[in-house]
Amino acid sequence: MSDQASYPDERAGMAQRLAQRVRSKVASGVTHLTTGSGPTLDYSSPPGDPGLFGPEAVCWKVHADFTAMMTGGISALLLQALHPLALAGVWDHSSFRTDILGRLRRTATFIAGTTYGNRRDALALVERVKRVHLGVTGTAPDGRPYRASDPTLLTWVHVAEVSSFLSAHLRYVNPALPLAEQDQYFAETARIAEMLGAVDIPRSRAAIDAYLLAMQQELEVSARTREVVSILMSARPPRPSLRPAGALMLNAGVDLLPPWAQDMLGFDAFAGVRQRLVRPGVKLVAPVIRWGLTNGIAKRARRRVAAQKS
């Protein structure tokens, strides 16, 4: 009887170990996509350090979900590519043609570090990006000079990012996020843009929408734009097991774009089909990723803030 009674316990133990291995593989796959470029940050110390925002900030909510941030990041890159001067800087000074994943990783590191990192690391990331920007100068194909440190260009890059991140959060995490909290999110993240040197930063939902409307006259699609989009949409994670999810994320990023941007980039032809396939797909994948990330950056940062200083 004792041997028979042990069978359920053994099966439960085997199931638990299998679940842990699967969870570990999911977590490893996710972190492989977002780490490996730039500095290694310690989100667990020093105890009690709230960073630049602290856990009550809306940006801690919006930036916490990996799936939403990945789709938002892809959408932001596509949107940024519509600005000829922003694109010129990427074209002349970035390794995106051979390392598009590295560019996504560097963006992920900066967003995570300035949101959840301790104050010292967050400020160091800002200074690091500012130094990089100083070396990004040149002349666009239309003859206009550009520099990555241009305050108005920094504002464009910032708005493309934060508007995409919030769109992804509203679609895949919390569609009921109150307008007041959306406004607070834009006001909070404007602080980082300001530290980088941006000016006239829109700080509310209405101001963001007005800014994007006004900027449409400055945007264009060139041969360079089409090549960047082609490279991004052809990118595949190095691990074959992640490639179906990677293709889903890429198309979800397209689906997040405003209709006018999809139209400019030539994605409007299959917008309805993409929407019907992608949105349910992401909503199926997202819970699995959340389940796998038992010790994600946001969770480690919360424990850091809650810890007592020794």
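Annotation: the residues 96, 186, 270, sorted from fewest to most other C-beta atoms within 10 Å of their own C-beta, follow the order 270, 96, 186.
Against the chain, whose longest principal axis is taken from its Cα atoms, helix 179-196 shows a tilt of about 70°. Stretched out straight at 0.36 nm per residue, the stretch from residue 99 to residue 176 would grow longer than its current Cα-Cα span by 24.1 nm.
Rounded to the nearest 20, the size of the Cβ-charge dipole of region 239-305 about its Cα centre is 740 debye, with Lys and Arg at +1 and Asp and Glu at -1.
Panel order for 169, 93, by other beta carbons found within 10 Å of each beta carbon, from fewest to most: 93, 169.
Exposed loop positions in the chain were taken to be GluC sites (Glu not before Pro) whose DSSP state is not H, G, I, E or B and which have at most 16 other beta-carbon atoms within 10 angstrom. Between these positions, the longest stretch is 57-219.
Using the Karplus relation 6.51 cos²θ - 1.76 cosθ + 1.60 with θ = phi - 60°, the per-residue 3J(HN,Hα) values for region 277-284 come to 8, 6, 4, x, x, 5, 5, 7 Hz, with x marking Gly and Pro. Angle of helix 243-256 to the longest C-alpha principal axis of the chain, folded into 0 to 90 degrees and rounded to 10: 50°. Whole-percent P(r), the chain, all Cα pairs, 10 Å bins from 0: 6, 25, 35, 23, 7, 3, 1, 0, 0.
Magnitude of the charge dipole for the chain, about its Cα centre and with charges confined to Cβ atoms of Lys, Arg (+1) and Asp, Glu (-1), is about 1040 debye. Multiplying the residue separation of residue 134 and residue 271 by 0.36 nm and subtracting their alpha-carbon distance yields 45.5 nm.
Taken together, the values in this text are just the output of simple stated rules run on the coordinates, not laboratory data. Just so it is clear, the model here is predicted, and its values are computed rather than measured. Glycine also receives a Cβ, built like all others from the backbone with ideal geometry; neighbour counts cover every protein chain displayed.
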